[in-house]
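Read the structure below first, then the notes.
The values are calculated or read from the model by the stated rules, or taken from the named source; none is laboratory data. The model shown is predicted, which means the values in this text are computed figures rather than measured ones. Cβ placement follows ideal geometry from the backbone for every residue including glycine, while neighbour counts extend to all protein chains displayed.
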Amino acid sequence: MQRQTQQRVAIESAFVAAGRPLGPQEILDAAREQVPSLNLATVYRTLKRMIEDKAIHPVELPGESARYELQSAAEHHHHHFRCGECDAVYDLEGCVEGLHKLLPAGFLMTGHDIVLYGSCAACGTSL
Ligand SMILES: [Zn+2]
Ligand SMILES: [Zn+2]
């Protein structure tokens, strides 16, 4: 396998294994198990190419550096949970009904984004 392909495969399988949005450092830590020579510069380069290919999608949380998720995950409507203990971001299934009730008269909503904050199960039980 080509070096570049091998790196990309390792990064893709890191996303699949995690099942949640990952930042560059998290990707590096996970993908290094398959490709020990991987470094952060390579991760950034590969992520850039994967964005261009629409294989991954950036997840932007207010005031945070970007994380990424697979395009297949991004295509269904979902929201995110950010753990304040370990900084991990998780996907949430489902949505909230009745958001339009928050709108003042005459306002039109074209989209929404919801982020929940707290501690994840792994961190909550270790406190
Ligand atoms: Zn956590
Ligand atoms: Zn929603």
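Just one of (1) more than 16 Å from ligand 1 (Cβ to nearest atom); (2) surrounded by fewer than 16 Cβ atoms within 10 Å (Cβ to Cβ); (3) among the hydrophobic types (A, V, I, L, M, F, W, C) fails for Ile56. It is (2). Of all residues in segment 1-58, those satisfying the criterion of being in a helix (DSSP H, G or I), closer than 20 Å to Glu75 by Cβ, more than 12 Å from the chain's Cα centre (by Cα) and without any contact (Cβ under 8 Å) to a residue 24 or more places away in the chain are Ser13, Ala17, Ile51, Glu52.
Whether any residue in segment 20-34 is among the β-branched types (Val, Ile, Thr), modelled with pLDDT of 95 or more, in contact with a Phe, Trp or Tyr (Cβ under 8 Å, 6 or more places away or on another chain) and crowded, with 17+ Cβ neighbours inside 10 Å is what I want to check.
yes
Here Ser119 meets each of (1) of a type outside the set (A, V, I, L, M); (2) within 16 Å of ligand 2 (Cβ to nearest atom); (3) not assigned by TED's automatic domain parsing to the domain that holds Ser13 with one exception, condition (2).
Hey, can you tell me all the residues within segment 63-81 that are away from ligand 2 (no atom under 16 Å from the Cβ) and either of a type in the set (Asp, Glu) or touching a residue at least 12 places away in the same chain (Cβ under 8 Å) (or both)?
Within segment 63-81, the first condition is being away from ligand 2 (no atom under 16 Å from the Cβ), and the residues that meet it are 63-68, 70-72.
Listed by number, the residues that qualify are Glu64, Ser65, Ala66, Arg67, Tyr68, Leu70, Gln71.
Taking Thr46, is it more than 27 Å from Ala122 (Cβ to Cβ) and surrounded by 15 or more Cβ atoms within 10 Å (Cβ to Cβ)? So Thr46 passes the test.
Cβ-Cβ distances below 6 Å connect the following pairs, each with a first residue in segment 114-125 that is free of Cβ contacts under 8 Å to residues at least 40 places away in the same chain, a second residue that is in a strand (DSSP E or B), and a separation of six or more residues or different chains: Ile114/His79; Leu116/Phe81; Tyr117/Arg82; Ser119/Cys83; Cys120/Cys83.
Against the numbered list (1) within 15 Å of ligand 1 (Cβ to nearest atom); (2) hydrophobic (A, V, I, L, M, F, W, C); (3) under 23 Å from Gln4 (Cβ atoms), Ala31 comes up short only at (1).
Output the residues belonging to segment 96-105 that are out of contact with any His (no Cβ under 6 Å at 6 or more places or on another chain) and among the hydrophobic types (A, V, I, L, M, F, W, C). Of everything in segment 96-105, those that are out of contact with any His (no Cβ under 6 Å at 6 or more places or on another chain) and among the hydrophobic types (A, V, I, L, M, F, W, C) turn out to be Val96, Leu102, Leu103, Ala105. Number of residues in segment 82-101 that are more than 24 Å from Gly19 (Cβ to Cβ) and either away from ligand 2 (no atom under 13 Å from the Cβ) or assigned by TED's automatic domain parsing to the domain that holds Phe15 (or both): the value is 1.
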